[in-house]
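The structure under discussion appears below in the form of structure tokens.
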Amino acid sequence: MTFTIRDACAEDLDAVLQLNEDVVPAVNSVPLSQMQWFLEHSAYFRLAEGDGSLAAFLVGLRPGTDYNSVNYRYFCENYADFGYVDRIAVSNRVRRSGLASTLYDDFRASLPEEVSLMTCEVNLRPPNEGSMHFHQRLGFRQVAEQESEGGTKTVALLVRQL
């Protein structure tokens, strides 16, 4: 299957929200208003389409964004500059197609040349072993872990040298 990667637009948000919900708990559930906020404020919000339908999306942020996420704030407090992957969702029908790696590479290419780190978090509780293996293959390493969502979730905070 051939994929087209393009910027997300307002007309995509219902499909993006549905894909996000399809992959919970790998990513947090969010309301449509949060997706609209990402569209307006994120440094990177692109999606991949295949066969005329949404296959995946990635939302990336840069430091200095007014974003109320304990995980994003950890990176802002500990690193001067980075590209932060807030969420990536890949449709079950195209899993293991290389699409997630393609979106990570596209996000990396969108960052200024002087940015030397990409950051993200992966759930440890509930465990997301597939995501952890994927990120380790890409060269991410764990630098910390923290609880979130009132202690119901534990995440590994990961960085990757670019």
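Figures for the structure shown
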| item | result |
| --- | --- |
| Tabulated pairs, the range 21-46, first in a loop (DSSP other than H, G, I, E, B), second surrounded by fewer than 16 Cβ atoms within 10 Å (Cβ to Cβ) and at pLDDT below 95, C-beta under 7 angstrom, 6+ apart or interchain | 25/126 |
| Qualifying residue in the range 19-37 (condition: within 17 Å of residue 155 (Cβ to Cβ), surrounded by 21 or more Cβ atoms within 10 Å (Cβ to Cβ) and among the β-branched types (Val, Ile, Thr)) | no |
| Residue 104 being surrounded by 20 or more Cβ atoms within 10 Å (Cβ to Cβ), within 15 Å of the chain's Cα centre (by Cα) and not in a strand (DSSP E or B) | yes |
| Residues that are out of contact with any strand residue (DSSP E or B) (no Cβ under 7 Å at 6 or more places or on another chain), in a helix (DSSP H, G or I) and of a type in the set (Ser, Thr, Tyr), drawn from the range 112-162 | none |
| Test for residue 15: is it modelled with pLDDT of 95 or more, buried (at least 17 other Cβ atoms within 10 Å of the Cβ), more than 14 Å from the chain's Cα centre (by Cα) and hydrophobic (A, V, I, L, M, F, W, C) | no |
| Residues (over 10 Å from the mean Cα position of the chain (by Cα) and either over 21 Å from residue 8 (Cβ atoms) or in a helix (DSSP H, G or I) (or both)) located in the range 86-101 | 92, 93, 94, 96, 99, 101 |
| Which listed residue, of 60, 64, is among the small types (Gly, Ala, Ser), in contact with a helix residue (DSSP H, G or I) (Cβ under 6 Å, 6 or more places away or on another chain) and within 25 Å of residue 145 (Cβ to Cβ) | 60 |
| Only one of 59, 85, 94 that is touching a Gly at 6+ places or on another chain (Cβ under 9 Å), within 21 Å of residue 162 (Cα to Cα) and β-branched (Val, Ile, Thr) | 85 |
| From the options 42, 33, 29, residue that is within 14 Å of the chain's Cα centre (by Cα) and at pLDDT 95 or above | 42 |
| Breaking point among (1) in contact with a helix residue (DSSP H, G or I) (Cβ under 7 Å, 6 or more places away or on another chain); (2) within 25 Å of residue 125 (Cβ to Cβ); (3) assigned to a helix (DSSP H, G or I), for residue 16 | (2) |
| Filter pass, residue 86 being surrounded by fewer than 19 Cβ atoms within 10 Å (Cβ to Cβ) and charged (D, E, K, R) | no |
| Cβ pairs under 7 Å, 6+ apart, first in the range 95-107 and in contact (Cβ under 8 Å) with a residue 12 or more places away in the chain, second assigned to a helix (DSSP H, G or I) | 100/134 |
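The values are calculated or read from the model by the stated rules, or taken from the named source; none is laboratory data. Nothing here was measured: the structure is a model prediction, and the numbers come from that model. Cβ coordinates were reconstructed from backbone atoms using ideal geometry, including for glycine residues, and neighbour counts include every protein chain displayed.
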